[in-house]
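The numbers here are math on the coordinates, done by the rules we state, and not lab data. Small disclaimer: the values here were computed from a predicted structure and weren't measured. Positions of Cβ are backbone-derived with ideal geometry, glycine not excepted, and every protein chain shown enters the neighbour counts.
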Amino acid sequence: MKSEQRKEIQDLVEILTEQNLTEIEIERKDLRIRVRRDVVPAVSPPTPVAPFSAERAATPHLTIEAPEIDNARLLTVTSPIVGTFYRSPSPDADSYIEENDIVSKGQVLCIVEAMKLMNEIECEADGRLVKVLVESGAAVEYGQPLFLIDPITVS
Amino acid sequence: MTPTSDALNTIAIQTGLTTQALGQSIHILTETASTNSLGMTLAASGEPDGTVILAEHQTAGKGRLGRSWVSPPNKNIYCSMILRDPRLQQHLTWIPLATGLALQEAIQKTLGITPSLKWPNDLLIGNKKLAGILCESTSRGQTGGVLIVGIGVNVNAEREDFPAELQSTSTSIFQESGHPSNRNTLLTSIFNYLEKWYDQLASDNIVAVQSAYTAACSTLGIDVRCTLNEAREIHGRATAIGMDGSLQVIPFEQGARQVIEIRSADVTHVR
């Protein structure tokens, strides 16, 4: 498995636990990933001693801990110009992106318009959109934070 | 007289071209959805700075915020340019204004018609639209991306070439002058003037652009209605051009003394 796929799966696992879901499936043209977990009761009964330790070793228990979002790690996307912030290409169109969406480097996040120049702001890294900081149609200043992205770090 | 067909032609356009980059590479298409969209695609595939995309017809010509640009075939100019000079990135907001200025100059010098330049860059004759400009760019972090400048000029279109609802608000050089004009010659002139003003921006000579634009812009000194969005409209007097190309307006609202800088709006000349 490629390391970026591994990271993508880990990210899905994070979303799964954060949102307290049991299953997520994403599909692209060349890839389908399904992540599932069994929700265990908060108080587990005492685990009986396993009679077959060999079999137990073959099915290792996967511990998933709910991750804390490390704010220092988050990437802030800022406005390169003073202008008007739009989340969609036209008033009737869907937003380019919603919170919690997975984003990839180069993906368009929004438009900032000034003097009829439509400036598409692209994402700088692969990751997940944690927060949209500005309302569509609002005026933004130079350098004003627009989005928080939780980047996927490739180790 | 009916306008004659003057097919777009690379050699004809490049004859008389004095530019370093603009128009040195030209793609001419019979038809495309939008020259700006194609420009973005070609830019992504590595086409060089100054590459020009021309089409005889657009099936989905674009305007601001998803609006359309009506593009009757074989008569007008539908042109997009790929700009990659990194020095332009810090003056991005001046590009639309400099483009309008150059377009006005080219039409005036080549055809003897002087359209008015409405902020930021519509060219009008009376209250009718002769030409429009749509700039699109991409930015990623601190690195500038690509810049596409799209211009549409109504050259030889007759009144009937426009849909009925646009006939009272649009015009063409043919309708104003009564005779057809050569699109290739006009394009040569447009590229020459555009590069002159883009060079000024690239060499940080903003004052030169600002002062030429201020002299040319018909929006200044008159009453305007600026529609910012469905909920907000400002009615006031346009007084000056700001340091980033914004339109400075003093509102007529009671008690309002402060200048408002307009950057995204539909501006209507009231008087």
**Prompt:** Once the other residues with Cβ under 15 Å from the Cβ of B:TRP94 are scored (Lys, Arg +1; Asp, Glu -1), what is the net sum?
**Reply:** -3
**Asked** Taking the DSSP beta bridges in chain B as the whole, what percent of them are antiparallel, to the nearest 5?
**Response** 85
**Asked** Between exposed GluC sites (Glu not before Pro) in chain B, where DSSP calls loop and at most 16 other Cβ atoms lie within 10 Å, what's the longest gap?
**Response** B:32-157
**Prompt:** With Cβ to Cβ distances under 13 Å as the rule, what net charge do the other residues near B:HIS179 carry (K, R +1; D, E -1)?
**Reply:** -3
**Request:** Counting only C-alpha contacts under 8 Å and six or more residues apart, can you give the relative contact order of chain B as a whole percent?
**Result:** 18
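So for B:SER45, B:SER211, B:SER170, B:SER137, fewest C-beta neighbours within 10 Å to most, what's the order?
Details: B:SER45 6, B:SER211 11, B:SER170 21, B:SER137 25.
So the ranking, lowest neighbour count to highest, is B:SER45, B:SER211, B:SER170, B:SER137.
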**Prompt:** Average partner chain C-beta neighbours within 10 Å, per residue of B:131-140?
**Reply:** 6
**Asked** Roughly how many nanometres apart are two label points built 7 Å out from the Cα toward the Cβ at B:GLU160 and A:ASP92?
**Response** 3.0
**Amide hydrogen neighbours beyond the local backbone of B:GLY141, cut-off 5 Å, H modeled** = A:GLU122
**Prompt:** Within a Cβ distance under 11 Å of B:GLY141, other residues only, what is the Lys/Arg minus Asp/Glu net charge?
**Reply:** 0
**Message:** From Cα pairs below 8 angstrom and at least 6 apart in sequence, can you work out the relative contact order of the range B:60-189, rounded to a whole percent?
**Reply:** 27
**Asked** Per-residue ellipticity at 222 nm for chain B, helices alone: DSSP H runs ≥ 4 residues times -39500 (n - 2.57), over residue total, nearest 500 deg cm²/dmol?
**Response** -7500 deg cm²/dmol
**Item:** From phi via Karplus (6.51, -1.76, 1.60), per-residue ³J(HN,Hα) for the range A:125-131 in Hz, x at Gly/Pro
**Value:** 8, 6, x, 10, 6, 8, 8
**Message:** Run through the range B:31-70 and list the trypsin sites (Lys or Arg not before Pro) located in a DSSP loop whose Cβ has at most 15 other Cβ atoms within 10 Å.
**Reply:** B:ARG67
**Prompt:** By its C-alpha gyration tensor, with a ≥ b ≥ c as the square roots of the eigenvalues, how is the range B:223-271 shaped: rounded for a/c under 1.5, else prolate for a/b larger than b/c, else oblate?
**Reply:** rounded
